[in-house]
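The values are calculated or read from the model by the stated rules, or taken from the named source; none is laboratory data. Everything numeric in this text was worked out from a predicted model, so none of it was measured. Note that each Cβ is placed from the backbone with ideal geometry, even for glycine, and that neighbours are counted across all protein chains shown.
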Amino acid sequence: MQVMNKPSNQATADNKRLKLRAALVGSGIMASLTPAMHEAEGRYHGLDYKYEIIDITGDQYRGKKLADIIFKARNDGLAGMNITHPFKSEVLKYVDEVSDNVRALGASNAIVFTGEKIVAHSTDFSGYMRGFERDMKGCNKTGILLVGAGGGGSAVAFALASLGVERLLIYDIDQGHAEALVARLEEHVPGISAKAVSRLDAKIMASVDGLVNATPVGMARYPGMAIDPDLLTPDIWVSDIVYFPLETKLLATARKKGCRVMNGSGMAVYQAVHSFELFSGIRPDAARFEAEFERLIADTNS
Ligand code: NAD
């Protein structure tokens, strides 16, 4: 599915201490663990790898336009960039090529500078898929309720569709977001049954095998749960893509009720694994990324 154009500034395994530059651009991202994960893997491969944060809420970049940030990064020799909130859709205006899944979901969180071209990928899509395969082996997944239809939720929806989910119910506080995602799924995934729902109740919960939270509710700055806890029953599994904190109120509540749960670590780790490969051309060791992520989370909590 992924377009594998070779980055112009890509490192190679034979090229020790090769310089590699990448960056994450977004809003309120100074605490992101992504740079540390990338740089640790780079050190392992003997690269001189610097992964920068470009936070548009900070003094240095406030008021700067996304287009200017991207073109400057390319001129400065970066191999690629991760893109996060609020730019995952806007970035598509400035790219030359998109992978199939980016075309379908209408958002990208990773761009690669390949010679004259800028190519957009979704490692959120591949990251959720791989995380799900790691953590949810053997679970029932015929029908799923997705809560939150923004950038992350869209990647989750298409990943679930690629994993064979037949029926998706989508709830978003902004009904237009849910309806737009349903339209995209119907256009790009033959045979899927996707439906936007305007409220959550026990009847809907009884019709699904699992539930995914892809809203920011549960993050330290948006505490609480997007779902009424009384709607959780032990026969459904619960996945949360929030990873600050890893144990959200939703997961803690679901765990107490006896539900199988999956936190946001898999998506966070595997999107970084895939992005590293896109930027460097080197196949990273996913287990090393996982270990580094756990170490960083433990540091954050200590
Ligand atoms: P976004 O702003 O693009 O989308 C959020 C969506 O949730 C919006 O459509 C919004 O209307 C909806 N929403 C908000 N509150 C709601 C509520 N109470 N009930 C129903 N819908 C509600 O944000 P995003 O980029 O999709 O990120 C969402 C969360 O996912 C963030 O916490 C982000 O950090 C996390 N995320 C994690 C990973 C990972 O690697 N684990 C990757 C991407 C996003």
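Take the residues of the stretch 36-82 that are among the aromatic types (F, W, Y) and modelled with pLDDT of 95 or more: which is nearest to S108 (Cα to Cα)? If you could, list the steps in order and put the result at the bottom.
Here is the first cut: in the stretch 36-82, the residues among the aromatic types (F, W, Y) are 44, 49, 51, 61, 71.
From what's left, modelled with pLDDT of 95 or more: 44, 49, 51, 71.
Numbers: Y44: 27, Y49: 23, Y51: 18, F71: 16 Å.
Among residues in the stretch 36-82 that are among the aromatic types (F, W, Y) and modelled with pLDDT of 95 or more, the one nearest to S108 (Cα to Cα) is F71.
Among the candidates S207, S198, which residue alone is away from the ligand (no atom under 15 Å from the Cβ) and hydroxyl-bearing (S, T, Y)?
Values: S198 fails: away from the ligand (no atom under 15 Å from the Cβ).
Every option except S207 fails the conditions.
Sort through R130, R167, R134 and tell me the only one that's more than 9 Å from the ligand (Cβ to nearest atom) and crowded, with 18+ Cβ neighbours inside 10 Å.
Numbers: R167 fails: crowded, with 18+ Cβ neighbours inside 10 Å; R134 fails: crowded, with 18+ Cβ neighbours inside 10 Å.
Going through R130, R167, R134 in turn, the sole match is R130.
Go through the stretch 81-127 and count every residue that is more than 26 Å from S265 (Cβ to Cβ) and either buried (at least 23 other Cβ atoms within 10 Å of the Cβ) or of a type in the set (A, V, I, L, M, F, W, C) (or both).
Going residue by residue through the stretch 81-127, those that are more than 26 Å from S265 (Cβ to Cβ) are 90, 92-98, 100, 103, 113-119.
From what's left, either buried (at least 23 other Cβ atoms within 10 Å of the Cβ) or of a type in the set (A, V, I, L, M, F, W, C) (or both): 92, 95, 98, 113, 118-119.
Total meeting the criteria: 6.
Using the structure shown, decide if N213 is over 16 Å from I170 (Cα atoms) and of a type in the set (S, T, N, Q). If you could, list the steps in order and put the result at the bottom.
Numbers: over 16 Å from I170 (Cα atoms): no; of a type in the set (S, T, N, Q): yes.
No.
With a cut-off of at least 2 residues that are touching a helix residue (DSSP H, G or I) at 6+ places or on another chain (Cβ under 9 Å) and free of Cβ contacts under 8 Å to residues at least 60 places away in the same chain, name the strands (runs of 3 or more DSSP E) lying wholly within the stretch 92-207.
Details: elements: 110-114, 117-121, 143-147, 167-171, 193-196.
The strands (runs of 3 or more DSSP E) meeting that bar are 117-121, 167-171, 193-196.
Return yes when L211 is touching a Leu at 6+ places or on another chain (Cβ under 8 Å) and more than 15 Å from S122 (Cβ to Cβ) and no when it is not.
Values: touching a Leu at 6+ places or on another chain (Cβ under 8 Å): yes; more than 15 Å from S122 (Cβ to Cβ): yes.
Here the answer is yes, as L211 does meet what is asked.
For the stretch 230-247, does any single residue satisfy the condition of being assigned to a helix (DSSP H, G or I), away from the ligand (no atom under 11 Å from the Cβ) and of a type outside the set (V, I, T)? It would help to see each step written out before you state the result.
To start, the set of residues in the stretch 230-247 that are assigned to a helix (DSSP H, G or I) comprises 230-231.
When the remaining residues are screened for being away from the ligand (no atom under 11 Å from the Cβ), the result is 230-231.
Filter once more, so that each one left must be of a type outside the set (V, I, T): 230-231.
There is at least one residue in the stretch 230-247 that is assigned to a helix (DSSP H, G or I), away from the ligand (no atom under 11 Å from the Cβ) and of a type outside the set (V, I, T).
Out of the stretch 41-91, which residues are of a type in the set (A, V, I, L, M) and part of a strand (DSSP E or B)?
Within the stretch 41-91, the first condition is being of a type in the set (A, V, I, L, M), and the residues that meet it are 47, 53-54, 56, 66-67, 69-70, 73, 78-79, 81, 83, 91.
If the condition is that a residue be of a type in the set (A, V, I, L, M) and part of a strand (DSSP E or B), then I53, I54, M81, I83 are the ones that fit.
What is the one condition in (1) outside the structural domain of G153 (by TED's automatic domain parsing); (2) within 15 Å of the ligand (Cβ to nearest atom); (3) not in a helix (DSSP H, G or I) that I282 does not satisfy?
The number of the failed condition is (2).
Restricting to the stretch 181-196, name every residue that is among the hydrophobic types (A, V, I, L, M, F, W, C) and surrounded by fewer than 17 Cβ atoms within 10 Å (Cβ to Cβ).
Residues of the stretch 181-196 among the hydrophobic types (A, V, I, L, M, F, W, C): 181-183, 185, 189, 192, 194, 196.
Result: A183, single match.
Within the stretch 193-202, is there a residue that is at pLDDT 95 or above, touching a Pro at 6+ places or on another chain (Cβ under 9 Å) and on the phi < 0 side of the Ramachandran plot? Can you show your working first?
Let us first name the residues in the stretch 193-202 that are at pLDDT 95 or above, namely 193-202.
Next, only the ones that are touching a Pro at 6+ places or on another chain (Cβ under 9 Å) stay: none.
No, the stretch 193-202 contains no residue that is at pLDDT 95 or above, touching a Pro at 6+ places or on another chain (Cβ under 9 Å) and on the phi < 0 side of the Ramachandran plot.
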